[in-house]
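First up is the structure itself, then whatever we jot down about it.
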Amino acid sequence: MNLDELASTSGEWLRGSGPESDIVISSRIRLARNLAEFPFVSRATESDRAEIERILHERTDSLIQASKIPHELCYVDVRELPEVDRKFLVERQLISREHAESDGARSVVFDSAERFSVMINEEDHLRIQVMHSGLDLDSAWEQINTMDDLIEEKVTYAFNERIGYLTACPTNVGTGVRVSVMLHLPALVITRQIEKVFKSLHKINLAVRGLYGEGSQAMGDFYQISNQVTLGLTEEELTKKVADVVPVLIDYERQAREFLVRESQETLHDRVSRAFGILRTAQTISSEETMHLLSSVRMGINLGLIGNLEISTINKLFIHTQPAHLQKISGIELDASDRNIERASYLRNQLDNQSRGDQPKGDPSQN
């Protein structure tokens, strides 16, 4: 598999068919691990980093050859990639921004369905990530726990009996686990309840981040909810803590949507219709505006305001209209102005093909 082929597909986590997928986009669990015999990446020499990369690539490959990880995998040397390809992998959620922008020997291994990726020499020697569609944390934990055990059969992790796994950042010490769920919360934003929700989450030590995790801003009303503490609780307890609060957020969002349908039908219908119309006819459009308009359309589909258009199509458009994806799909480098034109053209073609003859419907309360 090469990245050009990947550009025309969508990862499993975008298929929109997992539990509670009208609101929950994906469930992700990430583990931070380090090899006992090497210094952390920030203190490692270039030769250390090269050796870490060689060992982890070799040991991961041996697991595949033994069919203990029964997936078709793609290995990518991130250091050798041009900038647009590194950004492409960030947009795809296969690597972090830090991994893309770092220096020295580093790589990523991921499966063809993009359900998991293994970053080598990010902040830690090893970052294992599993992503599932919808609210599916239990399955995600089962998969990543199995992978972690298999890798640990081949390497010795940096581990302390008293405090747990040793990591480059103190906030990851202990379990090294980050449990996160990506939610689409447009109604809470429209009804201006989102800040109240965020304050409640902070009180129970849950972090709120944007589409691309730590340091990113919310786009298209997407928010990642994750644990802040990794020490003092088991991996299962941390997974359960996040899993227990997500249904409450889902309920808040659904109540807000019901309120909009009941109290602001005309305004809601106008918002969805305008968004759909602009996306289908615009000649130039920015990434930020696209995200906001797609957010309204996605909500409109879930409320029955738009028919004959699949959620998976809208989920794909959120990613495929990002700057690096547009350039990979078009096959040429584009400046910001040209990307806006190419993005508009791509949206027109995709939405016309998926929803030809379809128009936003009337009163959602009658659907």
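The values are calculated or read from the model by the stated rules, or taken from the named source; none is laboratory data. Please read all numbers here as calculations on a predicted model, not as lab measurements. Heads up, the Cβs are rebuilt from the backbone with ideal geometry, glycines too, and the neighbour counts pull from every protein chain shown.
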For this session: May I ask you to verify whether I151 is in contact with an Asp or Glu (Cβ under 7 Å, 6 or more places away or on another chain), in contact (Cβ under 8 Å) with a residue 40 or more places away in the chain and of a type outside the set (D, E)?
Result: no
Problem set entry | Test result for E342, touching a strand residue (DSSP E or B) at 6+ places or on another chain (Cβ under 9 Å) and either farther than 23 Å from S8 by Cβ or not in a loop (DSSP other than H, G, I, E, B) (or both) | no
Problem set entry | Flag if D4 is assigned to a loop (DSSP other than H, G, I, E, B), modelled with pLDDT under 95, over 15 Å from A140 (Cβ atoms) and not polar (S, T, N, Q) | no
Exercise. What are the pairs, 6+ residues apart or on separate chains, where a residue within segment 232-249 that is more than 25 Å from R162 (Cβ to Cβ) has its Cβ under 8 Å from a residue that is of a type in the set (V, I, T) and surrounded by fewer than 17 Cβ atoms within 10 Å (Cβ to Cβ)?
Worked result: V245/I204
Problem set entry | So D103, is it among the charged types (D, E, K, R) and under 28 Å from F222 (Cα atoms) | no
Exercise. Out of the residues in segment 104-148 that are of a type in the set (K, R) and modelled with pLDDT of 95 or more, which is surrounded by the fewest Cβ atoms within 10 Å (Cβ to Cβ)?
Worked result: R106
Exercise. Residue check: is L206 modelled with pLDDT under 90, within 17 Å of V173 (Cα to Cα) and in contact with a Ser or Thr (Cβ under 8 Å, 6 or more places away or on another chain)?
Worked result: no
Seminar exercise, completed: Here the qualifying pairs (Cβ atoms under 7 Å; residues six or more apart or on different chains; first in segment 28-42 and in the same structural domain as E12 (by TED's automatic domain parsing); second of a type in the set (D, E, K, R) and part of a strand (DSSP E or B)) come out as R30/R127; R30/R178; A32/R127
Exercise. Residues in segment 22-45: is at least one at positive phi and of a type in the set (D, E, K, R)?
Worked result: no
Exercise. For segment 149-176, how many residues are surrounded by 18 or more Cβ atoms within 10 Å (Cβ to Cβ) and among the polar types (S, T, N, Q)?
Worked result: 3
Exercise. Of the conditions (1) assigned by TED's automatic domain parsing to the domain that holds S10; (2) under 19 Å from D136 (Cβ atoms), V229 fails just one. Which one is it?
Worked result: (2)
For this session: Say whether the condition of being out of contact with any Cys (no Cβ under 6 Å at 6 or more places or on another chain), outside any loop (DSSP other than H, G, I, E, B) and within 30 Å of E37 (Cα to Cα) is met by at least one residue in segment 191-207.
Result: no
Exercise. Among the residues of segment 274-289, is any assigned to a helix (DSSP H, G or I), of a type in the set (V, I, T) and buried (at least 19 other Cβ atoms within 10 Å of the Cβ)?
Worked result: no
For this session: Determine whether E122 is farther than 22 Å from S102 by Cβ and among the charged types (D, E, K, R).
Result: no
For this session: Report yes if A243 is among the small types (G, A, S) and not in a strand (DSSP E or B), otherwise no.
Result: yes
Seminar exercise, completed: Considering only helices (runs of 4 or more DSSP H) wholly within segment 30-115, the ones with at least 2 residues that are of a type in the set (V, I, T) are 46-65, 83-91
